[in-house]
Amino acid sequence: MRSLTFRRPDDWHVHFRDSVMMKTVVPYTARAFGRAIVMPNLTPPVTTAAMAQAYRARIMACVPDGVSFQPLMVCYLTDHTDPADLVAGFKAGIFTAAKLYPAHATTNSAHGVTSVDTIMPVLEAMAEHGIPLLTHGEVTRADVDIFDREARFAEEVLGPLLARLPGLRVVMEHITTQEGASLVRAHRDRMGATITPQHLLYNRNALFQGGLRPHMYCLPVLKRERHRQALRQAATGGESCFFLGTDTAPHMRHLKEADCGCAGVFSAPVAVAAYLQVFAEEGKLEAFEAFASLNGPAFYGLPANEERVTYEERPARIAQEIEVDGAGRLVSLFSGEAAPWSLAG
Ligand code: DOR
Ligand code: ZN
């Protein structure tokens, strides 16, 4: 049986939600990862340092006893973000970054930014103070095909923004295309990208495998096989600009299996195993630690975790569904199947 020992990884993109849902999902991430960048798309969104501080305390109350875990908080940018509050929150260690959701791009993005031009003073302050900008990189115009939205964002929004603000540091979150990976590489001195397990494991056929598969639906949507191959090369190739970010995004089963189902793959219970499967299939297990545990902290200017963990290539059965305290059930990635790797011990 193969095994791999590496520094405790971090997850640079998670959705914890709030209240009972958060109570159910935080332990999965906290047990597997040392730190996580926590997305701010709650209702209402986390738009101020005070809100982030309160949210961080609610998250910490859900971390199991004896588990060491640090949530890293993110400011949700709106057309009305106060640059002074963001900078003060960053300097106080409350905010690690700020997130650009183009308005109406995805879950709870109605308060998002209508145009990058609108928030130029905020972006200038971020460049000046070294606050990373995290992007949901999709244009939202109805005339742009959903499979082209990321490539168009890279070309029409992010490229020009990078040229306009040479000091701005940017993470293109959950990249799904060759075009996204290329833009990140071209600006690797100040750009990073997270890559999810589902975009490494599946192409868009998975959405329609024998019928409509709501649990495979996330945003940005799964793409063609050639893009999946480009992402596998990016993740496993040892380039420091690519790092682990699951985008674990729980929604109750009845809200995904619906007339208008929610976007998001809940991957936290199996995330490390899923990534390990990809690296094992590519014959690149030796590159795993850089992707999972080194490149992210280096981008954010944080030390890598010192603790080591060992995973074994030992299949573990994954529950069909997970109960959320009377409020509904969650279906995770690999639900009802076997996850190929497990934590040793
Ligand atoms: O699939 C997604 N789910 N993509 C996002 O951008 C947001 C996320 C969520 O919050 O559910
Ligand atoms: Zn996300």
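One table, with the values for the structure above:
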| quantity | calculated |
| --- | --- |
| Residues satisfying the stated conditions in the range 204-248, i.e. within 30 Å of A298 (Cα to Cα), in contact with a helix residue (DSSP H, G or I) (Cβ under 7 Å, 6 or more places away or on another chain), within 16 Å of ligand 2 (Cβ to nearest atom) and in a loop (DSSP other than H, G, I, E, B) | C218, P220, V221, L222, T246 |
| Which numbered condition S19 misses (of (1) more than 26 Å from I195 (Cβ to Cβ); (2) within 16 Å of ligand 2 (Cβ to nearest atom)) | (2) |
| Complete set of residues in the range 217-258 that are free of Cβ contacts under 8 Å to residues at least 60 places away in the same chain and of a type in the set (F, W, Y) | Y217 |
| Failed condition for M60, given (1) over 17 Å from A271 (Cβ atoms); (2) touching a residue at least 12 places away in the same chain (Cβ under 8 Å); (3) open to solvent by 60 Å² or more (accessible area, probe 1.4 Å); (4) away from ligand 1 (no atom under 13 Å from the Cβ) | (2) |
| Where F208 falls short, out of the listed (1) without any contact (Cβ under 8 Å) to a residue 12 or more places away in the chain; (2) open to solvent by less than 10 Å² (accessible area, probe 1.4 Å) | (2) |
| Residues located in the range 39-57, provided they are more than 16 Å from ligand 2 (Cβ to nearest atom), under 19 Å from V20 (Cβ atoms) and crowded, with 21+ Cβ neighbours inside 10 Å | none |
| In the range 327-345, the residues that are open to solvent by 30 Å² or more (accessible area, probe 1.4 Å) and either under 30 Å from M191 (Cα atoms) or not in a loop (DSSP other than H, G, I, E, B) (or both) | R329, A338, L343 |
| Residue count for the range 263-272, restricted to those that are buried (at least 20 other Cβ atoms within 10 Å of the Cβ) and within 10 Å of ligand 1 (Cβ to nearest atom) | 3 |
| Failed criterion for L276 (all others in (1) crowded, with 24+ Cβ neighbours inside 10 Å; (2) assigned to a loop (DSSP other than H, G, I, E, B) hold) | (2) |
| Residue list for the range 303-326, restricted to those being open to solvent by 60 Å² or more (accessible area, probe 1.4 Å) and of a type outside the set (K, R) | P303, E306, E307, E313, P315, Q320, E321, E323, D325, G326 |
| Scan of the range 18-38 for residues that are surrounded by fewer than 21 Cβ atoms within 10 Å (Cβ to Cβ) and of a type in the set (D, E, K, R), ordered by number | D18, K23, R31 |
| Residues of the range 303-318 classified as within 23 Å of the chain's Cα centre (by Cα) and either over 23 Å from R35 (Cα atoms) or of a type in the set (D, E, K, R) (or both), total | 4 |
| Test result for T196, under 30 Å from G261 (Cα atoms), touching a residue at least 24 places away in the same chain (Cβ under 8 Å) and touching a Pro at 6+ places or on another chain (Cβ under 6 Å) | no |
| Within the range 217-250, tally of residues that are open to solvent by 20 Å² or more (accessible area, probe 1.4 Å) and either within 9 Å of ligand 1 (Cβ to nearest atom) or more than 18 Å from M172 (Cβ to Cβ) (or both) | 7 |
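Here is a yes/no grid of residues against (1) more than 25 Å from D325 (Cβ to Cβ); (2) modelled with pLDDT under 95; (3) among the β-branched types (V, I, T):
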| site | (1), (2), (3) |
| --- | --- |
| S3 | yes, no, no |
| D11 | no, no, no |
| V20 | no, no, yes |
| V25 | no, no, yes |
| Y28 | no, no, no |
| G34 | yes, no, no |
| M39 | no, no, no |
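Results for (1) touching a residue at least 40 places away in the same chain (Cβ under 8 Å); (2) within 15 Å of ligand 2 (Cβ to nearest atom); (3) open to solvent by 10 Å² or more (accessible area, probe 1.4 Å), shown as yes or no for each residue.
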site	(1), (2), (3)
D79	yes, no, yes
L86	yes, no, no
A103	no, no, yes
A110	no, no, yes
R141	no, no, yes
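Okay, residues lined up against (1) among the acidic types (D, E); (2) within 16 Å of ligand 1 (Cβ to nearest atom); (3) open to solvent by less than 70 Å² (accessible area, probe 1.4 Å):
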{"site": "V74", "(1), (2), (3)": "no, yes, yes"}
{"site": "I119", "(1), (2), (3)": "no, no, yes"}
{"site": "E124", "(1), (2), (3)": "yes, no, no"}
{"site": "L133", "(1), (2), (3)": "no, yes, yes"}
{"site": "R164", "(1), (2), (3)": "no, no, no"}
{"site": "E173", "(1), (2), (3)": "yes, yes, yes"}
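The values are calculated or read from the model by the stated rules, or taken from the named source; none is laboratory data. Keep in mind that this is a model prediction, so the values were computed, not measured. Note that we place each Cβ from the backbone using ideal geometry, even for glycine, and neighbour counts take in every protein chain shown. Protein only, heavy atoms only, side chains kept; ligands, DNA and RNA dropped before computing areas. Shrake-Rupley method; radii C 1.70, N 1.55, O 1.52, S 1.80 Å.
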